[in-house]
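The values are calculated or read from the model by the stated rules, or taken from the named source; none is laboratory data. Fair warning: this is a prediction, and the values are worked out from it, not measured in the lab. Cβ: placed from backbone, ideal geometry, glycine included. Neighbour counts: every protein chain shown.
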Amino acid sequence: MKRILFSIVFLSNYCFSQETDSLNVSQPKKMDSVKIPSREEKTKLIDDVVITGTIKPISRSKSPVAVEIYSQKFFQKNPTPNIFEAIAMVNGVKPQLNCSVCNTGDIHINGLEGPYTMILIDGMPIVSSLSTVYGLSGIPNSLIDRIEVVKGPASSLYGSEAMGGVINIITKNALTAPKLSVDFMTTSWSENNLDLSTKFNVGKNAASLLSLNYFSFNERIDQNKDNFTDSALQNRISVFNKWNFQRKENRMASFALRYLYEDRFGGEMQWNKSYRGSDEVYGESIYTNRVEAFGMYQWPMKEQIITQFSYNYHDQNSYYGTNPFIALQKVAFVQTYWDKKLGNHDLIAGVTYKRTFYDDNTPGTLSGDGVTNEPMKSPIFGAFVQDQWEINDKNTLLLGYRFDYDKIHHSVHSPRFAWKYSPNPYHTLRLNFGTGFRVVNLFTEDHAALTGSREVVIKANLKPERSINGNLNYVWKIPVGGKLINLDASAFYTYFSNKIVGDFDTDPQKIIYDNLHGYGISRGASMNVDFSFSFPLSVNLGVTYLNVYQKFDGAEEKVQQLHAPKWSGTYSLTYTFPSNLVIDFTGQFYGPMRLPVLPNDYRPEYSPFYSLANIQVSRSFKSGFEVYCGVKNLFNFTPNDPLMRPFDPFDKHVDDPINNPNHYTFDTTYGYAPMQRIRGFLGVKYTLK
């Protein structure tokens, strides 16, 4: 009964509750929903369906893996044009800008760098390593049905790159999507974002969703007067088409295609395309072409066997000043797994195959002779098995194991253990333990290696990184006056060996890569609290404490991780007035974080405490229209001195002993927050259901 119910929900019955951001799902009586007064019963007897923690649809309360769920409605409280900016609303997840010129970035989970975060779309590893540089900003929010976040290693299910955590972007279902949706937003900085989507049925058993996103920002703004654009100019278009099919016995089937093109520039104010690649006027110019295809198919047989597949093609043509970076990556992935229920045991067993082709014009793809180009071709075979054992109504145990093999690193083993204890519907304790591994491609992961401001040095043959992780999660639902205070607290600890380290400090002219001769530690705690008052105010608060560092053999001091603030958090307050008028106040705060400074740098090694706050007023109408407006970066915070020597970006005068006695060089990596100051936004939305 449960499997049939969840299959139906997974395919076609996602719908939002009117009073919460959760997904509304019918429940068998046996499920551990919280019993509260009847006035709230229809909106609070809700048990979200999650996929990411165990690879199959399962109720959130039954999952032994802690999974956080965020609906599209949650992210609409602070409208943004893409996933990269929106994900900042999630506690413990930080979109980190790595370059103050072209605004490239990655997503950090619990203080770990972006390459440790695996980004999935509908459960598929679509976001390859090359696309983490610019592809994240090309995923529009209009595609989202919801986002699931798992913090901590998930390599036993997802293989390499899932060491820090997993962000799974679940796209809208064509069977249940609105017939027409239009959303246009503009800002006082002339950032224009347009989302169009339409859904049409093909016969009785198929539906297609066609979505178009266009983002344009062409206003050259230099409010800090350093002759560099404060924010990178962008022209981006994304086209998405997804098909969902209704089949006998609710078997699943879907297929999706997406195309992305982006033209991005950041640099000196007088730059134009005639200067691309020259040493006259500095500019960083990036052209991105990207194609994605992914889908799933449940075999027409009694046993539940599902095949998932994906392919992505990413072409990057870029110049960072005079330095070209031309790269091509193609990744094919296929996975087939068998889901079987045996008594109280829920078994999953599967095999995977991933083939990556990568080529660029850097030394990273040269053969041993240092002259011949040798693209990387790395097939990885994998097999995994998982048993979720419901011991009784209070205890659930999960055991998992994954084996991967490739010709370079050979055999890699990834075990997993999870236990859930829930003595009653108000208290749930989850303990997770697992290992992770990661195969590294330096030139797609460290933007500082591309800017030309530093030389890249690889000291030895790099070994794959390994990690051991433990995570303790506690959920407490506290009844207060017919409402619930939801408290979700976690403590985590990760130990890294063979960690790949980029040494920025030994020589300011170089980045020296090597396996860490020592170990790395990521540990901390986080807590989320949300509550809806008896009057129409809801509050969501989150705080995270981090201690992320490296310890070198023979050294006494610990080296703090760059861009990993010890304290950070999120806040969201929503007040609903009569006549569907809503005010949202949202934001994030960050404590001091270590920054990549140069020797004798006049800039502080640690950033100040700061907060990025936003306010929005919106009103929806029965006709399907919604109007919204507000202010971003309400406190008007921007970093000081994000660029070193912006007046000499080609380092033509670094040897001047009078004007540059400390031998400073042009550097773009110090920026830690957006340079966009306070600005207003206005949008209008129309939905035809």
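Across segment 114-157, what is the total count of residues that are under 24 Å from Asn213 (Cα atoms), at pLDDT below 85 and not in a strand (DSSP E or B)? Number of matching residues: 20. Considering Asn344, Asn323, the condition of being closer than 30 Å to Arg247 by Cα and out of contact with any Ser or Thr (no Cβ under 6 Å at 6 or more places or on another chain) is satisfied by Asn344 alone. Scanning segment 202-229 for residues being surrounded by fewer than 21 Cβ atoms within 10 Å (Cβ to Cβ) and more than 23 Å from Arg258 (Cβ to Cβ) gives a total of 13. Of the residues making up segment 658-681, those that are within 26 Å of the chain's Cα centre (by Cα) and exposed (fewer than 14 other Cβ atoms within 10 Å of the Cβ) number 1. The condition (being surrounded by fewer than 16 Cβ atoms within 10 Å (Cβ to Cβ), without any contact (Cβ under 8 Å) to a residue 60 or more places away in the chain and assigned to a loop (DSSP other than H, G, I, E, B)) is satisfied by just one residue among Asp655, Asp648: Asp655.
Residue count for segment 579-618 satisfying the condition of being in contact with a Phe, Trp or Tyr (Cβ under 6 Å, 6 or more places away or on another chain), more than 17 Å from Val90 (Cβ to Cβ) and among the small types (Gly, Ala, Ser): 3. Say we look at segment 322-346 and pick out the residues that are in contact with a strand residue (DSSP E or B) (Cβ under 7 Å, 6 or more places away or on another chain) and among the small types (Gly, Ala, Ser); which of these is surrounded by the most Cβ atoms within 10 Å (Cβ to Cβ)? Out of the qualifying residues, it is Ala327. Scan segment 575-586 and tell me whether some residue there is over 17 Å from Ser522 (Cβ atoms), under 21 Å from the mean Cα position of the chain (by Cα) and surrounded by 16 or more Cβ atoms within 10 Å (Cβ to Cβ). Within segment 575-586, one or more residues are over 17 Å from Ser522 (Cβ atoms), under 21 Å from the mean Cα position of the chain (by Cα) and surrounded by 16 or more Cβ atoms within 10 Å (Cβ to Cβ). Looking across segment 67-120 at every residue that is within 26 Å of Lys499 (Cα to Cα) and among the charged types (D, E, K, R), the one that is surrounded by the most Cβ atoms within 10 Å (Cβ to Cβ) is identified as Lys94.
Does Ser254 qualify as being touching a residue at least 60 places away in the same chain (Cβ under 8 Å), among the polar types (S, T, N, Q) and closer than 30 Å to Pro646 by Cβ? Answer is no for this residue. Between Ser526, Ser497, Ser534, the distinction of being within 18 Å of Met89 (Cα to Cα) and among the polar types (S, T, N, Q) belongs to Ser526 only. Where strands (runs of 3 or more DSSP E) fall wholly inside segment 200-273, the ranges with 2 or more residues that are hydroxyl-bearing (Ser, Thr, Tyr) and within 30 Å of Phe637 (Cα to Cα) are 206-217.
Residue by residue, here is whether (1) within 30 Å of Ala253 (Cβ to Cβ); (2) assigned to a strand (DSSP E or B); (3) β-branched (Val, Ile, Thr) holds:
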| site | (1), (2), (3) |
| --- | --- |
| Ile286 | no, yes, yes |
| Glu292 | yes, yes, no |
| Met301 | yes, no, no |
| Tyr311 | yes, yes, no |
| Pro324 | no, yes, no |
| Leu328 | no, yes, no |
| Ile348 | yes, yes, yes |
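Among the conditions (1) modelled with pLDDT under 85; (2) outside any strand (DSSP E or B); (3) within 16 Å of the chain's Cα centre (by Cα), Ser63 misses just one, which is (3).
Taken over segment 531-573, the residue count meeting the criterion of being surrounded by fewer than 16 Cβ atoms within 10 Å (Cβ to Cβ), under 29 Å from Ile478 (Cβ atoms), at pLDDT below 95 and hydrophobic (A, V, I, L, M, F, W, C) is 3.
For the structure I just gave you, tell me whether Asn640 is farther than 26 Å from Thr104 by Cα and either surrounded by fewer than 16 Cβ atoms within 10 Å (Cβ to Cβ) or touching a Phe, Trp or Tyr at 6+ places or on another chain (Cβ under 7 Å) (or both). Judged against the criteria, Asn640 is not a match. Within the set Lys330, Lys302, the sole residue that is of a type in the set (D, E, K, R) and more than 20 Å from Ile139 (Cβ to Cβ) turns out to be Lys302.
Results for (1) surrounded by fewer than 20 Cβ atoms within 10 Å (Cβ to Cβ); (2) of a type in the set (Asp, Glu); (3) modelled with pLDDT of 95 or more; (4) farther than 30 Å from Lys225 by Cβ, shown as yes or no for each residue.
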{"position": "Asp263", "(1), (2), (3), (4)": "yes, yes, yes, no"}
{"position": "Glu268", "(1), (2), (3), (4)": "no, yes, yes, no"}
{"position": "Ile286", "(1), (2), (3), (4)": "no, no, no, no"}
{"position": "Arg290", "(1), (2), (3), (4)": "no, no, no, yes"}
{"position": "Lys302", "(1), (2), (3), (4)": "yes, no, no, yes"}
